[in-house]
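The values are calculated or read from the model by the stated rules, or taken from the named source; none is laboratory data. These figures come from a predicted structure and were not determined experimentally. Neighbour counts are summed over all protein chains in view; Cβ atoms, including those assigned to glycine, are modelled from backbone coordinates with ideal geometry.
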Amino acid sequence: MDSLWTFLQFKDATLQLVTAGTVLIAMGASVVGCFAFLRKRALVGDAVAHAILPGIAVAFMLTAAKNPLILLSGALVSGWLALYCIEIIQKTSKLSADTAIAAVLGVFFGIGILLLTHIQHSDLENQSGLDRFLFGSAASMSTADLLTYAGVALFLLLAIAGLYKELKLFSFNPEYAQVLGLPVKTIRRLINSLTVMAIAIGIQSVGVVLMAALLITPAAAARAWTDRLLVMIFLAAGFAAFSALVGSYVSFSATAMPTGPWIVMSLSFLALISLFIAPQRGLLARLNRQRLNRIKILTENMLKAFYNLGERAGTYQKWLTAEDLARVRDFTHAELTQGLRILRKKHLVIPKQSGYRLSRQGLDEARRVVRLHRLWEMYLTQRMRMKSDHIHPNAETIEHIITPEIEEQLLRELDFPEKDPHSSPIPYPQ
Amino acid sequence: MIAETQEVIPALEVHNLSASYQRKPVLWDVDFQLPQGKLIGVVGPNGSGKTTLLKNIMGLMEPDSGYVKLFGEDLEKVRHRISYVPQRESVDWNFPASVRDVVEMGRYRKNRLFKRLKAQDHQLVTEALERVNLLELSQRQISQLSGGQQQRVFIARALAQQADLYLMDEPFVGVDAATEEALLELLTEMKNAGKTVVIVHHDLQTAYEYFDWTVLLNTRLVAAGPQESIFKKELLQEAYGGRLTVLSKIGDLMARKDFPARETGFKEKEGLGDG
């Protein structure tokens, strides 16, 4: 914990710089990544990240210097070339997009590794540490590196802020953008360049192999939480910034630890959490919806059982036991216990030692469910021409989902029928 | 007088247009003109090249030969007068955007990059939403809309563009009866306001009731003209009685042999030429 405190104080100037730089780089990549994610170009990001390697190697071989601007230019050129190749392959051959991407990724990365190995075995001065581009090492960045990368990241963010609405339209419906006369080709080139740049500046701290994760994972995590593009972008940037802090902290407190993998670990963790607990889209929310559906179906079926028994007996005032209910429908023991408990809690049934009966509220609710069932059976026979001996199973499900609005429409379309296809009366509210 | 001369200019002229996908011809020298101020259907069976025709008109595809004039001009000159409603399935409705976000896109212009929409734009967007009856839903996420509502979003976006010629790709597909009726009413309103609406439509049954004019298409132009002249047994049979066997054989052959759609250097000559 001491190290966390020391880290958070940011007393060390180098630490300040490295952390701030990493955060900015991660934010830039995540914001650009939101558009790659929405355009379903996640794989292209991965291909570009790998394809950048030969560019860096060639730039180094030509200049024998590790000037960040020169390496960045090399990265941009080969990243661009890779995108261009993917596009050409797709256009001129009948190969599918994923084949084109995989081919380009493989060839470029292979060449990159070849060149890198060559450099390491050569007697070029200053060659040490080029392998950090593979896995990333934030601590190895010099002040000049950081300032350059942070500057580029800032430029990315500004470019996206400026062209936000056009990028939104372009990602949603590029053909329409073209019809409006927007400079679609320029926008496509721009967003490609932004992607290549975002990847290129992150390579040194995160590495070729994991860079695509920094591009796409924040967007995927953020998407789980919101349906608003702007909120999604800010959330993605927030997740990326937080993870950059985590990565910087880990590599600060344990010197041998690389930054990149920890950033990606943290991001993946956030994404996993998001996919679990996000409202609406999360797994838990979905499970909860399913649970609520199940309970609704169970309790409504029980109300119907009460109603059916009452309908046969000619009175709804009789006290009924769980066994009585089980005679009308195959409820399991557990279902009976759970269902009756819920109905009691909602005051839909009144308990007594000798059993249960529907409360007035419960009777109204039971009539509603039976009415929906019989109305739907009417609809199936009259509108969908189904035979009256085939309709029951369908109505058993649909009765639970019909809203008051749809009920009203059904009533109007069927002109308030009195009896269902099996000649049972349709109970209306009293 | 000016009004009269404008009426003479066709809203749309398609001249000898041929187009292909990966060398396979989809449209064979299609040639017709459409008048202004009408509701016009582009009708034909599946795979008859209706959408391809629309894409060529909107400059989304490069034709193999021929050209398109809109109000007597090239598309680039009159772009602001043309509006396009793509097929509903052509976009991912899971995109994080609200109804209003999408309709606002109809107000984006190339000379207003980097700029925010103006008060007047927002006004037009509100009016467009009102006309398609989506004002209450304007903040709703687009994935939560029904098919008919999504179609109305696209139409509102086109309305917000304030165009004179509207090109719609299958707007009646997957909409409920109520939306269909509202849509027809809106289209009639637009026509009465002097707009030209061209609608790609695959259902022959309804086409006769909906439109004033019809372009009957089946990879080649079968006929184009006012309803009465088109809805004749022979013409409909020609359009819907399957493709011409020789034509589709030649098309397949061209795709298989990577054959060019036109000889290089070929220029249309006046007169008979060497043919």
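Miscellaneous remarks
- Options A:I391, A:I342, A:I426; residue that is in contact (Cβ under 8 Å) with a residue 12 or more places away in the chain, on the phi < 0 side of the Ramachandran plot, in contact with a Lys or Arg (Cβ under 6 Å, 6 or more places away or on another chain) and not basic (K, R): A:I426
- Comparison of A:A219, A:A240, A:A200, A:A236 shows that the only residue that is crowded, with 24+ Cβ neighbours inside 10 Å, more than 30 Å from B:I57 (Cα to Cα) and at pLDDT below 95 is A:A200.
- Among the criteria (1) farther than 24 Å from A:I406 by Cβ; (2) in contact with a helix residue (DSSP H, G or I) (Cβ under 7 Å, 6 or more places away or on another chain), the one A:H373 does not fulfil is (1).
- Residue tally, condition in contact with a Phe, Trp or Tyr (Cβ under 7 Å, 6 or more places away or on another chain) and under 16 Å from A:A150 (Cα atoms), over the stretch A:69-78: 1
- Restricted to the stretch B:49-133, the set of helices (runs of 4 or more DSSP H) holding at least 3 residues that are within 11 Å of chain A (Cβ to nearest Cβ), modelled with pLDDT of 95 or more and closer than 14 Å to B:V153 by Cα comprises B:99-104.
- Some residue of the stretch B:72-81 being crowded, with 23+ Cβ neighbours inside 10 Å and in contact (Cβ under 8 Å) with a residue 24 or more places away in the chain: no
One line per residue, one yes/no per condition, for (1) more than 22 Å from A:G207 (Cβ to Cβ); (2) outside the structural domain of A:S193 (by TED's automatic domain parsing); (3) in contact with a Ser or Thr (Cβ under 9 Å, 6 or more places away or on another chain); (4) among the small types (G, A, S):
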position	(1), (2), (3), (4)
A:T22	no, no, yes, no
A:K40	yes, no, no, no
A:L43	no, no, no, no
A:A47	no, no, no, yes
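- The listed residues are A:L372, A:L343, and the only one of them that is in the same structural domain as A:M302 (by TED's automatic domain parsing) and closer than 27 Å to A:K318 by Cα turns out to be A:L343.
- For the stretch A:82-117, taking the residues that are away from chain B (no Cβ under 14 Å), without any contact (Cβ under 8 Å) to a residue 60 or more places away in the chain and among the small types (G, A, S), the one that is nearest to A:L53 (Cα to Cα) is identified as A:G110.
- All positions within the stretch B:142-160 that are within 14 Å of chain A (Cβ to nearest Cβ) and more than 14 Å from B:P86 (Cα to Cα): B:I142, B:S143, B:Q144, B:L145, B:S146, B:A160
- Filter result (under 35 Å from the mean Cα position of the chain (by Cα) and hydrophobic (A, V, I, L, M, F, W, C)) within the stretch A:378-402: A:A395, A:I398, A:I401, A:I402
- Scanning the stretch A:222-240 for residues that are within 7 Å of chain B (Cβ to nearest Cβ) and either more than 14 Å from the chain's Cα centre (by Cα) or without any contact (Cβ under 8 Å) to a residue 60 or more places away in the chain (or both) returns A:T226, A:D227, A:R228.
- Selection over the stretch A:86-139 of residues that are modelled with pLDDT of 75 or more and surrounded by fewer than 12 Cβ atoms within 10 Å (Cβ to Cβ) gives a count of 8.
- Any hit, the stretch B:155-173, residues being among the polar types (S, T, N, Q), surrounded by 12 or more Cβ atoms within 10 Å (Cβ to Cβ) and out of contact with any helix residue (DSSP H, G or I) (no Cβ under 9 Å at 6 or more places or on another chain): no
- Any hit, the stretch A:314-324, residues being in a helix (DSSP H, G or I), of a type in the set (A, V, I, L, M) and loosely packed, with under 13 Cβ neighbours inside 10 Å: no
- From the list B:E185, B:E234, the lone residue that is surrounded by fewer than 16 Cβ atoms within 10 Å (Cβ to Cβ), free of Cβ contacts under 8 Å to residues at least 24 places away in the same chain and under 30 Å from B:V8 (Cβ atoms) is B:E185.
- Selection status of A:M27, assigned to a helix (DSSP H, G or I), surrounded by fewer than 23 Cβ atoms within 10 Å (Cβ to Cβ), touching a residue at least 12 places away in the same chain (Cβ under 8 Å) and more than 14 Å from every other protein chain (Cβ to nearest Cβ): no
- Residue within the stretch B:204-227 that is assigned to a helix (DSSP H, G or I), more than 19 Å from B:D169 (Cα to Cα) and without any contact (Cβ under 8 Å) to a residue 12 or more places away in the chain present: no
- B:T179 vs. criteria modelled with pLDDT under 90, assigned to a helix (DSSP H, G or I), over 23 Å from B:L27 (Cβ atoms) and of a type outside the set (K, R): yes
- Verdict on B:Q139 being farther than 13 Å from B:R100 by Cα and within 14 Å of chain A (Cβ to nearest Cβ): no
- Considered as a group, the residues in the stretch B:147-176 that are among the hydrophobic types (A, V, I, L, M, F, W, C) and assigned to a loop (DSSP other than H, G, I, E, B) include one that is modelled with the lowest pLDDT, and that residue is B:V175.
- Residue in the stretch B:208-224 that is modelled with pLDDT of 90 or more, within 16 Å of B:Q151 (Cα to Cα) and crowded, with 20+ Cβ neighbours inside 10 Å present: no
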